[in-house]
Amino acid sequence: MDGNDDAITAERNAPAAAIDAGAVDAALAAMMTGICGADNVITDPQQLRTYECDGLTAHRSVPGLVVLPQTAEQVASIVRECAARQIPFVARGSGTGLSGGALPRTDGVLIVMSKMRSVIAIDPISRRAIVEPGVTNLSVSKAAESHGLFYAPDPSSQVVCSVGGNVAENSGGAHCLKHGFTVHHVTGLQVVTPDGELTWLGDGTGVAAGYDLVGAFTGSEGTLGIVTKIIVKLTPIPEAVITLLAAFTSMGAGGAAVSAIIGSGILPGAIEMMDALAIEAAEAAVHCRYPEGAGAVLIVELDGPAGDVEAQTAAVREICTAEGAYEIRAAQDAAERAAIWTGRKSAFAAVGRISPAYIVQDGVVPRTALESVLDRISALSAETGIRVANVFHAGDGNLHPLVLFDDRRPGEQEAAEKLSGMILDLCIEHGGSITGEHGVGVDKSRYMPRMFGADDLDTMQLLRCAFDPGGICNPGKVFPTPRLCGEVPGVRRAPHPLVAAGVIDQF
Amino acid sequence: MAATTIPVELAAACKDVVAAGDADDVAGVRAGYVAAPASTAEAAALLAAAARLGLAVVARGSGSRLHWGNPPARCDLVVDTRRLDRVLEHAAGDLVVQVQAGVALDDLAAVLATAGQRLALDPPAGAANGAGTVGGVIATNSAGPLRFRFGAPRDLLIGITVVRPDGVVARSGGKVVKNVAGYDLGKLFAGSYGTLGLITEAIFRLHPRPAVSTWLSLDRPDPESAAAVVHAISASPLWPSAVELDWPSAGAPLGVSVLLEGDEASVTARSARMRDLLRRGTAGLPSGQRKRPDGSPVHPTSAVEGVDSGVVPGDREVADGGAAGGPFPLARPPADGRGRPEANGTCVRVAFWVGQLATVLRTIRTAGVANGVDAAIGGSAGAGILDVWVAAEVDPAAVGGFASELRAGLAALSAGGAVPSVASAVIAWAPPQVRETVDVWGPVPSLRLMRSVKDQFDPAHRMAPGRFAGGI
């Protein structure tokens with residue numbers, strides 16, 4: 001363990017892969033201004049600083065330059081300029097990512113997609129929407145609502161997070177247990193490749209002719225190109241939704257109820273669980289009034305045809321009671337549902353009420369291993385004296401342990417980080433994953449060799465090399481060590497149209 | 001390649017290597033050797049040896065889809081997956097299974113059924129080889145009616161182990177459904193037709209096996225009214241598992257079928273509501289019959305389950321296609337008077353935005369009339385994919401003309417829209433005489449990136465060379 005940690009520290013301190021790149025200077029800014037207009041290019045150091053991190057504030061890096069394109073063609077032009085100079089670039093949506101996937105490069109350009117935020121078209125009969133990448137997740141569902149349709153992936157940040165960012169991260173959400181992840185709901189992508197070509201992957205039908213590049217691109221964390229249009233599937237709004245809140249005296253009893261529900265053949269839209277410490281934090285923050293004295297609460301949401309939901313609700317009530325639930329509440333309408341969800345949705349932020357600082361971990365274990373992993377986490381917590389609050393998507397074994405510490409006390413942060421890493425080791429040990437939905441980004445690339453072998457990572461990077469042989473598209477993310485792509489036949493090196501037309505000179 | 005002796009390197013790498021016989025031809029291309037590794041490690045040694053010898057390699061499972069796509073330009077070595085036949089782990093509590101690539105889908109279904117679970121894939125079965133093997137189904141991304149609700153292999157695959165053309169073993173994903181660590185190589189290999197490497201193991205998410213499944217179907221006289229039914233079913237909140245369409249010939253009515261699955265009470269209630277919906281939404285009345293997955297009727301004498309007295313002429317009963325323990329023995333609900341599509345004809349696979357269904361059906365018929373081709377059309381209309389079957393006896397030039405004209409017609413539908421294409425056609429398989437007249441893959445978007453992917457994974461172009469789109 002100790003030897004490993006030394007190696008990790010060494011990796012973290014190693015300089016990012018050297019790119020023989022051009023400078024992010026006034027000339028480049030002028031070029032970007034020519035493409036996007038002066039209002040959409042940021043060079044002021046104070047303003048640049050506002051983009052220094054995404055939702056994971058532990059990693060910060062002030063971008064060399066920020067551009068805010070308004071069209072796909074502008075994105076392509078920006079990328080072509082970067083490619084011509086081998087300047088690294090990073091795309092950013094709403095900046096809500098939790099793995100530092102949109103961490104900028106000081107020596108690079110940050111391309112902020114927030115000005116491309118329209119729902120271009122909805123085809124209700126085909127159950128498809130065409131949207132721009134900066135559009136927020138929830139606004140797609142809002143736009144589709146009048147057609148009786150919604151966009152199923154619902155990350156907790158759906159009010160602000162962008163669909164482009166969802167594509168990059170293959171975002172899930174509480175309801176992906178039943179409805180699937182972003183990759184199951186994206187059928188076409190217009191992308192700018194890392195050499196600046198504007199092209200379509202997939203055509204919206206959901207049937208790939210040739211390699212499934214839509215599937216391969218989704219979840220690649222912005223390392224294969226920049227999405228400029230997205231075709232998403234829309235899903236009929238369920239006829240009925242009932243949310244149950246069940247209180248148990250212990251996590252063990254709650255976990256047994258989860259296994260029994262899944263074992264009965266019921267597939268709820270969501271099954272969420274919180275432990276006593278997470279409940280305490282939520283009560284302090286939003287007064288969600290969960291049943292008193294609960295060692296664990298389970299939130300089970302059932303959706304589908306009315307008759308089915310009714311029958312499943314009865315079955316879930318029965319199971320929870322049999323497993324020792326001492327109070328069960330049911331919400332039938334939107335307001336009651338919101339009241340139940342308030343505690344769960346506020347849990348991350350609420351922990352700020354009971355701890356000066358905390359780390360949000362994201363790991364996955366097979367559902368049947370939940371109980372033993374939670375026991376191990378609580379044992380680790382007891383051994384180290386570091387408090388851990390547990391909030392998680394119990395139905396799919398996706399843990400979000402919140403590791404609490406006081407950053408004013410020397411050594412506490414390091415100890416918390418170490419414990420957080422040990423939780424990931426537990427996940428790997430039990431056949432799980434180091435990330436279920438937050439992504440690898442910069443934050444977890446050092447853990448990738450614990451989950452995958454060198455050959456696995458090398459093979460994944462063959463895909464990277466196919467798209468981005470120069471390694472300029474969001475470099476330093478996902479993989480701990482970049483692969484040298486070698487000589488690649490047939491890579492296009494098209495001159496900028498203005499160069500080709502003799503309007504400007506590149507040198 | 002006329003091979004009489006087995007190269008020492010191959011024999012050293014794999015215990016089971018023989019000279020290929022007539023039966024080992026791949027889509028008419030003579031094979032050199034056939035090797036059957038029994039583990040991922042043995043497959044890796046075999047492919048490493050093949051790389052040193054510069055052999056062109058084609059993977060073979062049950063052989064039921066080897067005629068899909070183009071024939072390989074060369075086939076020095078067939079890697080037969082029949083010894084990769086183990087279900088490695090069925091974690092029933094986690095609804096996950098890990099299998100080797102050579103496991104037959106039917107055999108896997110039988111294993112899963114013992115725990116009341118299934119892999120929700122029901123690809124069309126070949127005449128003699130069942131539904132094929134896990135590896136073949138992934139490599140062709142084959143799906144059947146259940147595609148409407150559960151998707152294709154790419155949607156159910158959560159982990160994959162492959163052997164690269166250079167013999168390196170790589171895996172991605174894992175044993176948990178929710179997992180975003182690293183690139184998802186499973187997506188890339190699903191539908192790659194063996195052109196990137198050899199699939200040796202797969203991990204799938206599973207679903208509970210429904211206690212009851214029911215097909216309801218009704219006939220419509222024209223594409224527009226059939227499409228209206230498909231749209232009404234698809235937009236309903238009744239959770240259909242499949243929405244199929246069957247149009248055996250230009251003069252026949254169009255059959256629309258919907259599959260409802262679940263426990264008995266749920267299916268009974270939803271069937272009744274689905275009938276109401278169709279009665280209100282269309283001129284006709286659907287009929288149906290319920291059966292359990294083992295084929296036994298649920299309530300053979302119940303008036304609810306039998307044919308209503310109000311059935312109008314043209315409606316028909318459709319039996320449940322679910323066999324005990326296995327995926328559907330037929331591609332889709334059996335159609336009146338038409339047999340299972342056979343491999344020796346031509347199959348054109350049309351993918352489209354569902355809203356275009358009626359227009360697409362008209363476009364297929366228009367191209368048929370112009371070329372004297374009366375095709376059978378069927379498939380997952382609700383999911384935007386239809387197969388068009390042309391019999392082997394039809395003049396190859398006419399079939400080629402039909403396919404080309406169909407592509408032109410579909411391209412015209414897309415002109416001027418917000419997206420580059422709303423419908424396209426790929427020839428899944430065709431006799432050699434047809435392939436001479438038309439490119440089976442047709443125009444494929446982002447081909448440059450696909451070539452780049454191929455160059456990275458298989459720089460010497462030895463894996464099923466030429467079988468895939470754009471000569472990949």
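Numbers for the structure displayed
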read-out	value
For B:L84, distant residues with modelled amide H under 5 Å away	B:G102
At R0 = 22 Å, FRET efficiency that the Cβ-Cβ distance of A:E145 and A:S118 yields, to 0.05	0.85
Per residue Cα convex hull volume in Å³ - calculated over the stretch A:355-443	86
Label point at B:A92 placed 7 Å out along Cα→Cβ; residues across the stretch B:183-212 whose backbone nitrogen lies under 12 Å	B:209
Listed residues B:A375, B:P420, B:T437: farthest to the positive end of the dipole of the stretch B:346-444 (Cβ charges)	B:P420
Theoretical FRET efficiency, 1/(1+(r/R0)^6), r = Cβ-Cβ of A:A322 and B:D16, R0 41 Å, to 0.05	0.20
Counted charge near A:D407, where neighbours are those whose Cβ lies closer than 12 Å (Asp, Glu -1; Lys, Arg +1)	-2
Semi-axis lengths, Å, the protein assembly as shown, gyration tensor of Cα atoms, sqrt of 5 times eigenvalues	41, 37, 29
Rounded Å value of the spacing that divides the Cα centres of the stretch B:119-195 and the stretch A:329-404	33
Estimated dipole of the protein assembly as shown in Debye, rounded to 20 [Cβ of Lys and Arg +1, of Asp and Glu -1, Cα centre]	1120
Test item: A:447-459 mean partner chain Cβ contacts at 10 Å	4
Residues A:Q332 and B:A73, FRET efficiency given R0 of 60 Å [Cβ-Cβ distance, rounded to 0.05]	0.40
Semi-axes of the equivalent ellipsoid for the stretch A:23-114, Cα gyration tensor, largest first, Å	20, 13, 12
B:A392 paired with A:R49, simple spin-label distance in nm, labels 7 Å along Cα-to-beta-carbon	7.7
Chain A - Debye-derived log10 I(q)/I(0), Cα point model, q = 0.08, 0.09, 0.13 Å⁻¹	-0.52, -0.66, -1.30
Cα-based reach from A:K142 at 16 Å (exclusive), listing lysines while leaving out same-chain residues under 8 positions away	A:K233
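Coordinate-derived values only; no laboratory data. Worth saying up front: this structure is predicted, and the values here are computed from it rather than measured. A quick note on method: Cβ atoms are made from the backbone with ideal geometry, for glycine too, and the neighbour counts reach across all protein chains shown.
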